[in-house]
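Worksheet for the structure shown next.
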Amino acid sequence: MNKPPITPLATFHNLTLGYERHPAVHHLQGDILTGDLLAIVGPNGGGKSTLLKGLMQEIRPLGGDIHWPQGQPQLAYLPQRARLDLDFPLRVVDFVSLGHWPRCGAFSAIKKADRKAVQVALQQVGMAGFDQRSLDSLSGGQLQRVLFARLLLEDAPLILLDEPFAAVDEATTADLLILIQQWHQQGRTIIAVLHDLHQVRSHFPKCLLLARDVLGMGATEQVLTAENLAKARKMQVLADPLAPICDFDEASES
Amino acid sequence: MLEMIYQALFAPFMDFGFMRRALVGCIALSLSATPVGVFLMLRRMSLTGDAIAHAILPGAALGYMVAGLSLGAMTLGGLIAGWVVALLSGGLARITVLKEDANLAVFYLLSLALGVLLVSTQSRNIDLLHLLFGSVLALDNEALVLLAGITTVTLLLLAVFLRPLVLECLDPDFLRRHSNIGTTTHLVFLALVVLNLVAGFQALGTLMAVGIMILPATAARFWARQLDQLLLVALGIALLGCWLGLLMSWHLDLPTGPAIILMLGSLHIFSLFVGRDGLLKRWLHSGKHLKS
């Protein structure tokens, strides 16, 4: 039902991302299409979160670039560990309302319809009735559901999730996966960093295997082969402080 | 009996104009400084208020030297000194290795030393105690209008910037992803802190002005668990403390600023023990738990 359009949503041209000249994502080439449901897997330090930061333009590429042929879309992002000050005395309903920020900004009023949308979002993540609870009273799984409710309200065409199910129990994971499937059916583009390969195989049609270098990108079953996974395990991803300058860029361009 | 209660709690305000003025001034100050204090506390900047309060002194002293005991000059001087220190601390924290608190410590100390120097060398007759401890019992019309004006500006700006103010503290990454209003918000907030400290030093003195900001907020934390409740309870505590402090100062013939702050402090200690999240409840319930 999501026929890929001719122009991709994002194109990576020989993209290298990293910190202080050490690459964390090395020479990434490929397209993200509108409506993709893409999992990024790979070892810790393999550059998965870095790639998300690159997509959000929080870091500038060391080489190559990310091109947005249809223009830069609005994106919503769920960080690996949200740096929330949970001591702040705030109700769940007020926190979820912040998902209206992309439309309301800092100053516009939250209207009646917006408040209704908050309740609907809470219902969708299975947190109906928790609206008056304070944030610090929630368990880890409940907090993750609340964060998903806020994502839901952001209503972005491109959604980036960084390890959304780390430290979350099975029931919560199942509920949130259903939500991701709904987003997918609505035609949104979703990119999620994940570690559970079984989960990826059963829910994510596309996959990017990243261990600094790209070991595979495309249909999940073709990427997550025993051979590729063995390669990923052997990959040395720690930055070598004495690493020489990589001249692959010049070679490929000339 | 009723007569005694009336004499103790209400008569001073009924019989004496300056006591009524003091009360009005305190109400204005409570309305304005308390919410600022609540946000200072929630942003873990409780001591920032104290440091900026010290920084105001040289400005006020300079104002006094230039124009005598003029409300306008001293207020303006205090505002400028407070602003300069707040901006230097916030600005340098963004471009050097030192963090905001370290910068603030440096500049408030310099500012305070300069202030004490100015006050002590320039004139012998300046009443240092007035600057340090305020004169809430001598608030004239001009001062009351200034206090009311500052209250109005503060409440308006807080209402406008409420959302980014909350978000900058609660989830700064989310704010940064969606907007670049964070820095503006921080600066507006610092400006409000300075403004309210300057308002407070007319009444309570430079050193006591922080008290009416922070103490109601900290006391209210033991009672309220939500932001809106916190703001209301803090306001109630501030008003109660001002009223009782004024009475204590009147009946026992004590300096007013410290009397008000001590009353607020007593309310804090009371809340610490008796409040909903206070120590007493913890001791009473220690070792017991509910079934579900």
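Per-structure values
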| quantity | calculated |
| --- | --- |
| Conditions (1) facing chain B (nearest Cβ under 9 Å); (2) surrounded by 15 or more Cβ atoms within 10 Å (Cβ to Cβ); (3) within 25 Å of B:LEU231 (Cα to Cα); (4) of a type outside the set (Ser, Thr, Tyr): number failed by A:LEU75 | (3) |
| Count of residues meeting criterion [more than 14 Å from every other protein chain (Cβ to nearest Cβ), buried (at least 24 other Cβ atoms within 10 Å of the Cβ) and more than 12 Å from the chain's Cα centre (by Cα)] in segment B:203-241 | 3 |
| Criterion violated by A:ARG150 - all others in (1) more than 19 Å from the chain's Cα centre (by Cα); (2) not assigned by TED's automatic domain parsing to the domain that holds A:VAL25 satisfied | (1) |
| Failed criterion for A:LEU122 (all others in (1) surrounded by fewer than 19 Cβ atoms within 10 Å (Cβ to Cβ); (2) away from every other protein chain (no Cβ under 13 Å); (3) in a helix (DSSP H, G or I) hold) | (1) |
| Qualifying residues in segment A:46-72 (those that are among the polar types (S, T, N, Q) and within 14 Å of another protein chain (Cβ to nearest Cβ)) - the one surrounded by the most Cβ atoms within 10 Å (Cβ to Cβ) | A:SER49 |
| B:GLY257 touching a Phe, Trp or Tyr at 6+ places or on another chain (Cβ under 9 Å) and buried (at least 23 other Cβ atoms within 10 Å of the Cβ) | yes |
| Elements of type strands (runs of 3 or more DSSP E) in segment A:31-118, at least 1 residues being under 14 Å from the mean Cα position of the chain (by Cα) | A:37-41, A:75-78 |
| Among residues of segment A:104-117, those that are touching a residue at least 12 places away in the same chain (Cβ under 8 Å) and more than 10 Å from chain B (Cβ to nearest Cβ), counted | 3 |
| Failed criterion for A:SER139 (all others in (1) within 14 Å of chain B (Cβ to nearest Cβ); (2) more than 20 Å from the chain's Cα centre (by Cα) hold) | (1) |
| Flag for A:ALA192 being among the aliphatic types (A, V, I, L, M) and in contact with a Lys or Arg (Cβ under 9 Å, 6 or more places away or on another chain) | no |
| Segment A:177-214 - residue that is under 18 Å from A:LEU158 (Cβ atoms) and of a type in the set (A, V, I, L, M) and, of those, farthest from the chain's Cα centre (by Cα) | A:LEU179 |
| Pairs, first touching a residue at least 40 places away in the same chain (Cβ under 8 Å) and facing chain A (nearest Cβ under 7 Å) in segment B:162-174, second among the polar types (S, T, N, Q) and in a helix (DSSP H, G or I), C-beta under 9 Å, six or more apart | none |
| Any chance B:LEU254 is of a type in the set (A, V, I, L, M), in contact with a helix residue (DSSP H, G or I) (Cβ under 9 Å, 6 or more places away or on another chain), touching a residue at least 60 places away in the same chain (Cβ under 8 Å) and away from chain A (no Cβ under 14 Å) | no |
| From B:MET263, B:MET248, residue being closer than 17 Å to B:PHE222 by Cβ and outside any loop (DSSP other than H, G, I, E, B) | B:MET263 |
| Test: residue in segment B:242-251 that is modelled with pLDDT of 90 or more, surrounded by 19 or more Cβ atoms within 10 Å (Cβ to Cβ) and of a type in the set (Gly, Ala, Ser) | yes |
| Residue in segment B:141-156 that is under 19 Å from the mean Cα position of the chain (by Cα), within 14 Å of another protein chain (Cβ to nearest Cβ) and modelled with pLDDT of 85 or more present | yes |
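The values are calculated or read from the model by the stated rules, or taken from the named source; none is laboratory data. What you see is a predicted model; the values in this text were computed from it and never measured. Using ideal geometry, Cβ is built from the backbone for each residue, glycine included, and neighbour counts are taken over all protein chains shown.
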